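Let me begin by presenting the structure, written as structure tokens, before commenting on it.
The values are calculated or read from the model by the stated rules, or taken from the named source; none is laboratory data. Just so it is clear, the model here is predicted, and its values are computed rather than measured. As a convention, Cβ positions derive from the backbone with ideal geometry for all residues, glycine included, and neighbour counts pool all protein chains shown.
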Amino acid sequence: MADQRIHKLVLGALFAALCTILTLVIQVPSPMQGYVNLGDCGVLLSAWILGPVYGAGAAGLGSMLADLLSGYAHYAPGTLLIKLAMAAAAGLLFEGIKDHTRSLLPAQLISAAVGETIMVVGYFGYAGLLLGNGLAAAASIPGNVVQGVFGLAAAITVYALLSRSRALAHL
């Protein structure tokens, strides 16, 4: 039991690092002081592989760290909560749906759609209300949708590759 918890903690730390790296590696600036990145790939993989608790922790901390390292510290508190909620919801839905379908794709698509919706709405609310951008924060919605779609496509692809390599069998 203790070995299993240590294993999950180590994987959580690795996935937090993955979320940070995927967020920092490719950054395409968006009109609303932010950027589009592949961090959502790491967030979704964290949720699907580690589950809602460890996956949410890894996603929230890793994504927040990326904001701190890239000069977007004013987004860090929002990112922590938004990515945590995104991964928790995606992880819960994925676990609830995957055993009731023939393939994992429906579970991935549904859980990611809900998670990405949380991300888009969360950043709109954070920028609009807490950062004081008001309705101008709506300008970030298209960029966040694009980020979500790329994150989803990348996560499904990477998950399929990991499944074929049997890397997921040991998790």
Which numbered condition trips up residue 76, out of (1) within 21 Å of residue 160 (Cα to Cα); (2) surrounded by fewer than 20 Cβ atoms within 10 Å (Cβ to Cβ)? (1)
Selection over the range 112-153 where residues are surrounded by fewer than 18 Cβ atoms within 10 Å (Cβ to Cβ), under 23 Å from residue 25 (Cα atoms) and modelled with pLDDT of 95 or more yields a count of 1
Given (1) crowded, with 23+ Cβ neighbours inside 10 Å; (2) within 12 Å of the chain's Cα centre (by Cα); (3) closer than 13 Å to residue 20 by Cα, residue 82 misses just (3)
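Among the residues of the range 38-58, are any within 22 Å of residue 139 (Cα to Cα), part of a strand (DSSP E or B) and either modelled with pLDDT of 95 or more or touching a strand residue (DSSP E or B) at 6+ places or on another chain (Cβ under 8 Å) (or both)? Can you show your working first?
In the first step, residues of the range 38-58 are kept if they are within 22 Å of residue 139 (Cα to Cα); the result is 38-40.
Next, only the ones that are part of a strand (DSSP E or B) stay: none.
Looking through the range 38-58, none of the residues is within 22 Å of residue 139 (Cα to Cα), part of a strand (DSSP E or B) and either modelled with pLDDT of 95 or more or touching a strand residue (DSSP E or B) at 6+ places or on another chain (Cβ under 8 Å) (or both).
Going by the conditions given, is residue 150 without any contact (Cβ under 8 Å) to a residue 40 or more places away in the chain, part of a helix (DSSP H, G or I) and aromatic (Phe, Trp, Tyr)? Let's see the steps before the verdict.
Working: without any contact (Cβ under 8 Å) to a residue 40 or more places away in the chain: no; part of a helix (DSSP H, G or I): yes; aromatic (Phe, Trp, Tyr): yes.
Judged against the criteria, residue 150 is not a match.
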